[in-house]
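I have placed the structure first, in the form of structure tokens, so that the comments after it can refer back to it.
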Amino acid sequence: MYHLQLSVLFISLYSLMSVAAEQGAPPALNNRPVVKMQQQQQERLKQRPRNMLEQRNGTVSDYLTTQQVGNKTVVKGVLINHGNVNVVGDEQAKAAGAQIEVENQDNVQVNAVLIQHGNVNATANSLQDAHAQATGTQVDIKGARQAVVNVKSLVHGNVTAHATGQQKVEAVAVGTQVQTDADYQHIEVNAHSGAAITAISQGQ
Amino acid sequence: MLKNILLWITITCLCYATASFAENQTSAIAADVVVETGTEDAVTVQSQHQGEIQSTVNGEPVSPKSNDFTDDSGDETRDDLPSSDIAKDEFF
């Protein structure tokens, strides 16, 4: 009888310790990169190659929120980029105004309004390959299995891509761009833009 | 499962222009909206553009096309997204 009581006591203690450990430890999902907002992207500029220079003036109004609803990562709100974005590089230049990136989430939902006030310019100038890409507003979802995107985009400014090179030369200028590599997706885009969208390539 | 698939859906309101020269691989693309997906699941685009959309290659303007749709995936269509995951009314 004494051994039985002792066994029950140990089992109870072990159960309590297990529950406490589970509550204290963060979910494995939180260890993965979740959402990279625009302000965080600016920190990444320091890691960019020296031959790519990005200049931003103005302010970023970030009213986006990220929630974990069950196994779904929900990003919603408004992101406004006030000001011009200029990216100059030799072989590659990518410029994006208001941008949302979600990486390595299995199930993603984005309900957002993206507004770009100002010009976006990407200039690539090289003696070899040159790729210039300028985007007013952009949503990138990478590494997701399911993605639901509902985006309203306003671009008030010129979007210009200018590539000059002597081999493969590509200039891409887009007002609103949505990219996903998910197996399942539902995408709704409502885009308004009110200025010039120009792509210029100069090759041999 | 659906690997190496590239589906470009390019919808422009007023015009779309693209050019590619095989000899020197020079191209320019200007578009109002571009949606790039891995599969052919539901994509809805509404676009209004006021302004000029143009692309030039070596100084030559490229003739515009409209509502260009290119599908080079060659894979099956996936329509089995769970309806519970399609939330349209949470924000708008």
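The values are calculated or read from the model by the stated rules, or taken from the named source; none is laboratory data. Keep in mind that this is a model prediction, so the values were computed, not measured. Here Cβ is always computed from backbone atoms with ideal geometry, including for glycine, and neighbour counts include all displayed protein chains.
In segment A:122-135 there is at least one residue that is at the interface with chain B (Cβ under 10 Å from one of its Cβ atoms) and among the β-branched types (V, I, T).
Close contacts from segment B:22-51, counting a first residue that is modelled with pLDDT of 85 or more and a second that is charged (D, E, K, R) and part of a strand (DSSP E or B), with Cβ to Cβ under 7 Å and a gap of 6+ residues or different chains, come to B:S27/A:E170; B:T44/A:E188; B:S47/B:D32; B:H49/B:D32. Of all residues in segment A:71-99, those that are more than 13 Å from A:A112 (Cα to Cα) have Cβ atoms under 9 Å from Cβ atoms of residues that are of a type in the set (K, R) and surrounded by fewer than 22 Cβ atoms within 10 Å (Cβ to Cβ), 6 or more apart or on another chain, in A:N81/A:R56; A:G83/A:R56; A:N84/A:R56; A:V85/A:R56; A:N86/A:R56; A:V87/A:K94; A:G89/A:R48.
Among all residues of segment A:183-203, there is none that is modelled with pLDDT under 95, surrounded by fewer than 24 Cβ atoms within 10 Å (Cβ to Cβ), more than 7 Å from chain B (Cβ to nearest Cβ) and within 25 Å of B:G38 (Cβ to Cβ). Confirm whether A:V178 is in contact with a helix residue (DSSP H, G or I) (Cβ under 7 Å, 6 or more places away or on another chain), buried (at least 24 other Cβ atoms within 10 Å of the Cβ) and under 24 Å from A:N81 (Cα atoms). Here the answer is no, as A:V178 does not meet what is asked.
For every residue, the table says whether it meets (1) under 22 Å from A:G58 (Cα atoms); (2) surrounded by fewer than 22 Cβ atoms within 10 Å (Cβ to Cβ); (3) touching a helix residue (DSSP H, G or I) at 6+ places or on another chain (Cβ under 8 Å).
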residue: A:D90; (1), (2), (3): no, yes, no
residue: A:E101; (1), (2), (3): yes, yes, yes
residue: A:V113; (1), (2), (3): yes, yes, no
residue: A:V120; (1), (2), (3): yes, no, no
residue: A:T135; (1), (2), (3): yes, no, no
residue: A:K142; (1), (2), (3): no, yes, no
residue: A:A147; (1), (2), (3): no, no, no
residue: A:K152; (1), (2), (3): yes, yes, no
residue: A:A161; (1), (2), (3): yes, no, no
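Take A:T73 and decide whether it is more than 11 Å from every other protein chain (Cβ to nearest Cβ) and out of contact with any His (no Cβ under 8 Å at 6 or more places or on another chain). For A:T73, the condition - more than 11 Å from every other protein chain (Cβ to nearest Cβ) and out of contact with any His (no Cβ under 8 Å at 6 or more places or on another chain) - is met.
Take A:A171 and tell me if it is buried (at least 23 other Cβ atoms within 10 Å of the Cβ) and more than 8 Å from chain B (Cβ to nearest Cβ). No, not satisfied.
Hey, among A:V19, A:V108, A:V34, A:V60, which residue is modelled with pLDDT of 55 or more, of a type in the set (V, I, T) and out of contact with any helix residue (DSSP H, G or I) (no Cβ under 6 Å at 6 or more places or on another chain)? Every option except A:V108 fails the conditions.
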